[in-house]
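Worksheet: one structure, shown below.
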Amino acid sequence: MESADVVIVGGGIMGCALAYQLARRDVDVLLFERDTLGSQSTGKCAGGVRQQFSMEANVRLQRLSVQLFENFEQETGHPADFRQIGYLFVLTLPQQVEDFRHNMEMWHRVGLSEARWVDASEAARMVPVLNVEDVLGCTFCPTDGIASPADVTSGYAQAARRHGARLKEGVDVVGIDVAGGRVQGVRTAAGDVASRVVFNCAGAWSSSIGRMAGLEIPVLPYRRQVAVTGSFPAVPRNNPMTVDFQTSFYFHPEGDGVLMGMSDRVEGPGYATDVNWDFLEKMFEQASRRAPALAGAGIKTAWAGLYETTPDHQAILGPVPELEGFWCAAGFSGHGFMQAPAAALLLAQLLLDRRSEIDITPFAFTRFATGSLVHERNVI
Ligand SMILES: Cc1cc2nc3c(=O)[nH]c(=O)nc-3n(C[C@H](O)[C@H](O)[C@H](O)COP(=O)(O)OP(=O)(O)OC[C@H]3O[C@@H](n4cnc5c(N)ncnc54)[C@H](O)[C@@H]3O)c2cc1C
């Protein structure tokens, strides 16, 4: 029977980044992806990378991720196309301003000193298409930005393979073997594999991987959609990623056009990934309020993918104590592209060194049993 020190289920950004971090430390890694690498949520992602979160642990994690994105090409030999155009959060309610004042204090305390307040008139200069009539204030962090999900995923995958990791596409994991209270291996459509450590990196499908091991992993899939315009010079290449916090409508430059997205907060969980044009109409109504010029922009393409959402919008990172050898790196709740680089490095440290350079216990699976949930509020 084939064997591996560590089996990774799922070859999105998380699985590929983890395969790299483990293989570079000489761990014998076998990754199974049932489709092609990076083809699911990772391939549908808008590429945003930010540090402006409400929960301190997310800010700390993201400061590390940004460093890893900055050094990605040097480290892996592959481009990340990381462009630090900044993120501008546009606030229109007094309560949001109050909440973000607390956020800003915390950001500065943990070292995100470059984050700052921007008033409406400065925001209008930074983002010429923005309607600032009702804007009470904005926060801006210039080291946030956007990167290429396809480049980063294939960069990690190629670097992992160079370090000896085996990454197999088109192989469905169909079962997890458990005996004596611990993981013994996985069953796949292509045969069984013995391993004492299995990482669940299955994104929106991670609850099904949990069920294979008799565990309830609380991750639900939610459809999220984006649309991209044709050439649109009114939003220049250095226009910050701009988020209308009240509605979640956001946009950033994409090639010579603009990528726009918004969360449908009414639609329940489900695996549908067809484009809902009625919802995109609503998104354009919002565009016409916040950035009127965008409402007239022609759509070149649109697509939908899945967020992988936990009850507190925080990732689940680390070992699951109920079953020895079963680890989770899933449930990123729409922040997985930006969080995976740091999460992978820290999980590899926790597995191999028993401690990580940044504490990831706030993301532990045990929080669901103890009820100690701290909700991330800066969710788009
Ligand atoms: C429209 C949209 C915009 C987004 N924008 C952003 C953004 O700007 N910034 C950001 O950070 N995040 C964003 N996200 C979220 C981000 O895409 C995800 O959080 C991230 O890609 C999750 O990565 P993952 O590797 O955990 O999951 P995935 O990329 O979904 O990978 C999981 C893989 O597991 C595989 N798999 C599942 N079951 C099995 C099995 N039984 N056997 C083998 N393989 C299996 C799947 O085929 C899949 O490829 C966005 C998401 C969407 C949909």
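The values are calculated or read from the model by the stated rules, or taken from the named source; none is laboratory data. The shown structure was predicted, so the numbers you read here are calculated from the model rather than taken from an experiment. Cβ coordinates were reconstructed from backbone atoms using ideal geometry, including for glycine residues, and neighbour counts include every protein chain displayed. Calculation scope for accessible area: heavy atoms of the full protein, side chains included, ligands and nucleic acids excluded. Shrake-Rupley method; radii C 1.70, N 1.55, O 1.52, S 1.80 Å.
When residue 189 is tested against (1) assigned by TED's automatic domain parsing to the domain that holds residue 19; (2) modelled with pLDDT of 95 or more; (3) within 13 Å of the ligand (Cβ to nearest atom), exactly one condition is not met: (2).
Restricting attention to the stretch 342-378, the residues that are of a type in the set (A, V, I, L, M, F, W, C), within 26 Å of residue 216 (Cβ to Cβ) and surrounded by fewer than 16 Cβ atoms within 10 Å (Cβ to Cβ) add up to 3. Considering only residues in the stretch 254-264 that are in a strand (DSSP E or B) and under 19 Å from the mean Cα position of the chain (by Cα), the one that is surrounded by the fewest Cβ atoms within 10 Å (Cβ to Cβ) turns out to be 254. Applying the condition of being away from the ligand (no atom under 15 Å from the Cβ) and part of a loop (DSSP other than H, G, I, E, B) to the stretch 317-341 and asking which residue is most open to solvent (accessible area, probe 1.4 Å) yields 322. Test residue 92 against the criterion of being farther than 27 Å from residue 7 by Cβ, more than 17 Å from the chain's Cα centre (by Cα) and either open to solvent by 10 Å² or more (accessible area, probe 1.4 Å) or without any contact (Cβ under 8 Å) to a residue 60 or more places away in the chain (or both), and give yes or no. Against the criterion (farther than 27 Å from residue 7 by Cβ, more than 17 Å from the chain's Cα centre (by Cα) and either open to solvent by 10 Å² or more (accessible area, probe 1.4 Å) or without any contact (Cβ under 8 Å) to a residue 60 or more places away in the chain (or both)), residue 92 qualifies. For the stretch 111-142, enumerate the residues that are farther than 19 Å from residue 84 by Cα and either assigned to a strand (DSSP E or B) or open to solvent by less than 30 Å² (accessible area, probe 1.4 Å) (or both). 120, 129, 130, 135, 137, listed by residue number. Of all residues in the stretch 203-235 being hydrophobic (A, V, I, L, M, F, W, C) and open to solvent by 40 Å² or more (accessible area, probe 1.4 Å), which is nearest to the ligand (Cβ to nearest atom)? Top of the filtered list is 205. Beta carbons closer than 9 Å, at least 6 apart along the sequence or on distinct chains, never pair a first residue in the stretch 164-190 that is at positive phi and open to solvent by 70 Å² or more (accessible area, probe 1.4 Å) with a second that is near the ligand (Cβ under 9 Å from one of its atoms) and at pLDDT below 95.
Of these, 274, 312, which one is modelled with pLDDT of 95 or more and either polar (S, T, N, Q) or exposed (fewer than 15 other Cβ atoms within 10 Å of the Cβ) (or both)? Write out each step before concluding.
Working: 312 fails: either polar (S, T, N, Q) or exposed (fewer than 15 other Cβ atoms within 10 Å of the Cβ) (or both).
Of 274, 312, the one residue that is modelled with pLDDT of 95 or more and either polar (S, T, N, Q) or exposed (fewer than 15 other Cβ atoms within 10 Å of the Cβ) (or both) is 274.
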